[in-house]
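Enquirer: Questions regarding the structure given below will be posed in turn.
The values are calculated or read from the model by the stated rules, or taken from the named source; none is laboratory data. These figures come from a predicted structure and were not determined experimentally. Reconstructed Cβ throughout: ideal geometry from the backbone, glycine too, with neighbour counts over all protein chains shown.
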Amino acid sequence: MKKIYTVLAAMLFCFASYSQSLVISGQCISGSITLSPAGTIDGKPAYLGTGTILSTPGVELSVFWIGAPDNVWVIAFDGQPFYQNTCNTTIPPGTSPNICQWTFLAGNPACTGAPLSVTGSVVLPVTLTDFTATARTTDVLLNWKTSQEINNKGFMVQRSTDGVRWTDLRFVNGAVNSPSKFFTVANNPGNGIYKVNSSNNAVVEMVVSDASGKIVFTSKNISGSQVIDISRQAPGVYWLRVKNASEIATVKLIKL
């Protein structure tokens with residue numbers, strides 16, 4: 001009997017596939033608003049929808065990328081940016097998990113209410129690069145690779161005989177927070193001084209931000225090793241974003 005297997009990321013995590021729309025809610029947005037693709041801006045996808053915002057119906061809600069020198073994603077109401085996200089991703093970052101934070105832009109009318117939620121066509125924290133299934137005499141050998149895993153508890157392997165009903169077979173632990181192959185981080189968790197060693201691919205940029213999205217450290221054009229010093233910052237979780245000519249990777253730093 002033919003068996004169909006899938007690998008599902010456990011908890012809230014899955015491979016980097018995504019839908020063709022965004023759904024935004026919370027803060028000063030009434031209900032939820034679905035945004036549809038609206039072409040590209042500065043080489044990245046833009047999304048557009050309308051709804052009730054700040055108690056005003058028919059407000060245009062848009063998400064788009066602003067290129068250099070700003071290099072930020074923005075959520076705009078009638079063209080006015082209200083939120084920004086500094087993660088340089090191919091599609092807009094989501095709010096779950098909150099790896100790339102959306103921050104409110106000062107100077108706008110105050111937005112209160114439920115936390116901001118951005119879901120749908122958003123970046124997910126596990127990227128699948130290879131998957132093979134090889135039939136053997138009595139079973140099937142599954143192999144898969146990921147280029148990066150962030151906060152990934154693991155993968156559930158399931159079996160089905162009809163593609164509808166599935167049975168759990170085995171849970172495979174994930175890498176939790178695996179850095180990209182082009183660099184490693186030493187002394188993490190630590191006292192705020194970390195050493196980043198890069199491979200032959202020179203690092204173009206390193207950015208460390210705190211939980212609110214505030215940038216606390218930057219460095220550019222690095223080869224070999226680099227010391228990151230955030231010892232003056234408060235203990236907690238920070239996010240290190242490392243970029244080279246072809247890759248961008250994010251790693252959680254823990255300051256004790």
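Here's the yes/no breakdown for (1) polar (S, T, N, Q); (2) under 21 Å from the mean Cα position of the chain (by Cα); (3) loosely packed, with under 15 Cβ neighbours inside 10 Å:
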{"position": "LEU54", "(1), (2), (3)": "no, no, no"}
{"position": "VAL63", "(1), (2), (3)": "no, yes, no"}
{"position": "ILE66", "(1), (2), (3)": "no, yes, no"}
{"position": "ASP70", "(1), (2), (3)": "no, yes, yes"}
{"position": "GLY79", "(1), (2), (3)": "no, no, yes"}
{"position": "GLN84", "(1), (2), (3)": "yes, yes, no"}
{"position": "CYS87", "(1), (2), (3)": "no, yes, no"}
{"position": "SER96", "(1), (2), (3)": "yes, yes, yes"}
{"position": "GLN101", "(1), (2), (3)": "yes, yes, no"}
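Enquirer: For the stretch 228-249, what are the residues that are in contact (Cβ under 8 Å) with a residue 40 or more places away in the chain and among the aromatic types (Phe, Trp, Tyr)?
Expert: TRP239
Enquirer: Output the residues belonging to the stretch 173-201 that are surrounded by 13 or more Cβ atoms within 10 Å (Cβ to Cβ), among the aliphatic types (A, V, I, L, M) and modelled with pLDDT of 65 or more.
Expert: Passing the criteria: VAL185, ILE193, VAL196.
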